[in-house]
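Single-structure report; data block below.
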Amino acid sequence: MAALGAPLRTLRALLRELRHAAGRSYRDSPAYRHVLAAFRAHRVTSEKLCRAQQELHFQAATYLCLLRSVRQHEALHREYHGRGERSPQEVAGLVGFRLPQQPGGKG
């Protein structure tokens with residue numbers, strides 16, 4: 001993983017992925033509440049310097065990568081998953097070929 005970027009950007013992207021995963025009611029999910037509580041607890045204020053901020057940011061970025069990868073995997077699986085036995089004409093069409101026509105109109 002390259003540079004982490006800004007923690008706020010990671011938080012927004014993480015909440016966006018949670019919205020994709022949970023739908024409209026993502027704000028009611030325990031994951032949403034946990035992520036917000038963790039980011040609020042580990043923010044840097046003028047009164048204290050949180051030593052675990054980078055650790056939390058790295059964990060959040062890792063979890064974000066996991067959520068994105070799962071969503072992309074599901075999309076690829078839906079698109080390319082086998083649908084059972086296919087006819088020779090359908091298979092030829094998938095790879096961009098056409099079957100030759102037989103004389104006499106048989107094919």
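The figures follow:
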quantity: Condition check for Gly23: modelled with pLDDT under 85, on the phi > 0 side of the Ramachandran plot and not in a helix (DSSP H, G or I); calculated: no
quantity: Qualifying residue in the stretch 59-77 (condition: open to solvent by 80 Å² or more (accessible area, probe 1.4 Å) and in a loop (DSSP other than H, G, I, E, B)); calculated: no
quantity: Neighbours by Cβ (under 7 Å, 6+ apart or cross-chain): first from the stretch 8-21, open to solvent by 90 Å² or more (accessible area, probe 1.4 Å); second in a helix (DSSP H, G or I) and not β-branched (Val, Ile, Thr); calculated: Arg19/Tyr26; His20/Arg71
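The values are calculated or read from the model by the stated rules, or taken from the named source; none is laboratory data. Because the structure is predicted, anything quoted here is derived from the model rather than measured. Ideal geometry is used to build each Cβ from the backbone, glycine not excepted, and the neighbour counts take in all protein chains shown. For accessibility, only protein heavy atoms count, side chains too; no ligands or nucleic acids. Shrake-Rupley method; radii C 1.70, N 1.55, O 1.52, S 1.80 Å.
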